[in-house]
Amino acid sequence: MDFQEAQTHLLIILGRLSQEFHKLPGSAILLRYIRSSYQNDPIRSAVELFLVLFAVRYLLAPKYSTKPNYVTLSEEEVDELVEDWTPEPLVARVTPFEEAEIEKRPVIVGPTGPRSKLSNGRTVTNLASYNFYNFVSNELLKERAIQTLRTYGVGPCGPPGFYGTQDVHMKIEADIAAFLGTTACIIYAQAFSTISSVIPAFSKRGDIIVADRAVNYSIRKGLQISRSTVRWYEHNDTEDLQRVLAKVTKEQSKKPLTRRFIVTEGLFENVGDLVDLPKIIELKHKYKFRLILDETWSFGVLGRTGRGVTEHQHVDAAEVDMIVGSMAGPLCAAGGFCAGSDEIVEHQRLSAASYTFSAALPAMSATTASETLLILQTQPEILNGLRENIKAMWTQLDPRSDWMRCISAVENPVMLMVLKQEVVNLRRLGNDEQQHILQDIVDESLAQGVLITRHKTIPPNPSGTKNEVFTPQPALKICLSTGFSKKEVEKAGIIIRHAITKVMTRKR
């Protein structure tokens with residue numbers, strides 16, 4: 001058979017196939033669709049033909065098991081393995097020191113006011129709670145909370161995006177935004193999970209975060225959840241921050257563009273000192289980073305009217321991309337917030353895990369926060385009263401104690417007292433020995449009628465290598481309040497100072 005005969009035979013076969021195809025129902029419609037869709041796009045026809053052939057190949061492929069090969073065990077072998085298995089503990093074992101502390105731990109009966117009653121019947125001066133403005137004893141706030149409870153019930157029992165948002169939530173968001181001078185604000189049901197949700201809502205894998213080594217535990221969890229590349233700079237060292245920013249900018253100059261953030265605190269929870277915000281704003285603009293500022297402990301405390309570190313250091317709040325704060329501390333309510341631009345806030349309503357998947361804030365907590373904000377704005381004298389009490393306590397402790405010094409900022413109502421470095425070096429005290437000494441001081445102060453506590457922190461466990469872990473020095477924590485007169489603060493300071501001296505001289 002020559003070539004022409006073969007060609008003729010092939011055409012006859014194709015003609016017969018075409019005739020048989022046209023006899024099929026719907027063949028005319030299919031041909032018309034193909035001619036109209038692909039007459040000028042042969043590449044598309046080839047791609048779809050490949051996909052059809054791949055689908056046919058996939059459907060006709062033999063089945064195979066996705067389970068790996070494993071040894072089948074008998075019932076006796078399974079029981080033996082179960083008996084030998086010991087689960088890992090969910091939490092670390094309690095140490096003897098912690099057991100002794102738990103046995104002696106005081107239990108407060110009733111509200112945690114300036115003078116609290118313990119379960120043993122004693123009434124003590126309470127310098128261990130964050131009742132900075134004595135809002136716990138404010139009868140107006142109690143009455144407003146009760147009214148809200150009767151109107152709205154205990155809680156919305158649903159996330160904000162799913163029938164959880166109420167008018168009081170929208171009001172507190174508007175109140176905080178107006179108070180700080182930002183265009184928008186979003187509130188969260190828990191203060192701790194606010195910053196740990198805000199960070200991963202914006203920073204993802206491959207993005208860069210430059211953070212202070214001393215940031216608190218909730219920030220570190222947010223950094224871990226984000227899976228971003230974290231670079232650390234020395235605590236409150238703006239020169240080291242500039243070095244890290246310059247290094248990151250140089251490394252990223254030839255790489256695809258990524259989002260870059262600076263994360264720091266206003267008042268540091270672990271150290272108590274104050275951030276240099278104007279310098280960080282300057283570096284943020286110079287190296288083109290965004291700034292996430294955690295004002296959990298500075299909001300409601302710093303500034304002439306309590307607007308936080310931005311007001312205290314004369315920085316426009318619009319210069320900070322995200323201001324994160326708490327309504328559970330100074331405002332004596334619950335929950336947290338993030339203030340910023342409209343775009344920043346609206347993005348979180350769909351992307352922040354704690355906002356999207358947690359039940360909304362109870363209405364009475366939102367109302368309480370709105371009322372306490374109003375009190376701070378209309379009664380600025382209570383901020384002055386708190387600062388006077390802070391000065392009175394400083395006068396009794398920091399310059400007069402031969403053994404300890406205060407590492408907190410002078411404006412911070414949470415005073416962290418640590419052993420002086422020369423004392424630590426002379427006695428060769430490790431962290432455990434310092435904790436024992438501080439607990440003895442706490443016990444001695446309580447015996448004299450003043451309740452204070454040790455500064456207790458959760459192990460940091462940040463992303464990165466072991467040398468990036470920041471371990472704060474063991475410290476006493478003394479919380480001031482406007483619920484005390486100046487004489488009461490001075491008397492409590494004298495008792496604490498004498499307790500320090502008594503314990504330290506006994507430890508020689």
Matching residues in segment 172-203 (out of contact with any helix residue (DSSP H, G or I) (no Cβ under 6 Å at 6 or more places or on another chain), over 30 Å from R231 (Cβ atoms) and either in a helix (DSSP H, G or I) or not assigned by the TED database to the domain that holds G336 (or both)) number 5
Surrounded by 24 or more Cβ atoms within 10 Å (Cβ to Cβ) and in contact with a helix residue (DSSP H, G or I) (Cβ under 6 Å, 6 or more places away or on another chain), is that true of L331? yes
The lone exception for N384 - which of (1) under 25 Å from F162 (Cβ atoms); (2) surrounded by fewer than 20 Cβ atoms within 10 Å (Cβ to Cβ); (3) not basic (K, R) it fails: (1)
Pick out the one residue from A366, A392 that is open to solvent by less than 10 Å² (accessible area, probe 1.4 Å), in a helix (DSSP H, G or I) and closer than 30 Å to E173 by Cα. A366
Considering only residues of segment 268-285 that are open to solvent by 10 Å² or more (accessible area, probe 1.4 Å) and touching a residue at least 40 places away in the same chain (Cβ under 8 Å), which is farthest from H455 (Cα to Cα)? K279
Check segment 241-253 and report whether any residue there is crowded, with 19+ Cβ neighbours inside 10 Å and on the phi > 0 side of the Ramachandran plot. no
For segment 288-317, enumerate the residues that are of a type in the set (S, T, Y) and crowded, with 20+ Cβ neighbours inside 10 Å. T296, S298, T310
Among the residues in segment 103-126, are any touching a helix residue (DSSP H, G or I) at 6+ places or on another chain (Cβ under 6 Å), of a type in the set (S, T, N, Q), touching a residue at least 40 places away in the same chain (Cβ under 8 Å) and surrounded by 16 or more Cβ atoms within 10 Å (Cβ to Cβ)? yes
Failed criterion for S445 (all others in (1) modelled with pLDDT under 90; (2) closer than 25 Å to K117 by Cα hold): (1)
Taking segment 82-98 as the region of interest, how many residues are open to solvent by less than 100 Å² (accessible area, probe 1.4 Å) and not hydrophobic (A, V, I, L, M, F, W, C)? 4
Residues A178, A211, A189: which one is open to solvent by 10 Å² or more (accessible area, probe 1.4 Å) and touching a Leu at 6+ places or on another chain (Cβ under 8 Å)? A189
Taking segment 426-459 and the residues there that are in a loop (DSSP other than H, G, I, E, B) and among the basic types (K, R), the one that is surrounded by the fewest Cβ atoms within 10 Å (Cβ to Cβ) would be R428
Quick check: anything in segment 129-145 exposed (fewer than 12 other Cβ atoms within 10 Å of the Cβ), assigned by the TED database to the domain that holds K456 and over 30 Å from A392 (Cα atoms)? no
Within segment 298-306, is even one residue assigned to a loop (DSSP other than H, G, I, E, B) and among the aromatic types (F, W, Y)? yes
Tally of residues being part of a loop (DSSP other than H, G, I, E, B) and under 14 Å from the mean Cα position of the chain (by Cα) across segment 204-221: 3
Considering only residues that are open to solvent by 40 Å² or more (accessible area, probe 1.4 Å) and over 14 Å from Q473 (Cβ atoms), which ones fall in segment 399-425? P399, R400, D402, V410, E411
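The values are calculated or read from the model by the stated rules, or taken from the named source; none is laboratory data. All figures in this text were calculated on a predicted structure; none of them were measured in a lab. Because the Cβ atoms are built from the backbone with ideal geometry, glycine has one as well, and the counts that use them run over all protein chains shown. What goes into the accessible areas is simple: the full protein's heavy atoms, side chains included, and nothing from ligands, DNA or RNA. Shrake-Rupley method; radii C 1.70, N 1.55, O 1.52, S 1.80 Å.
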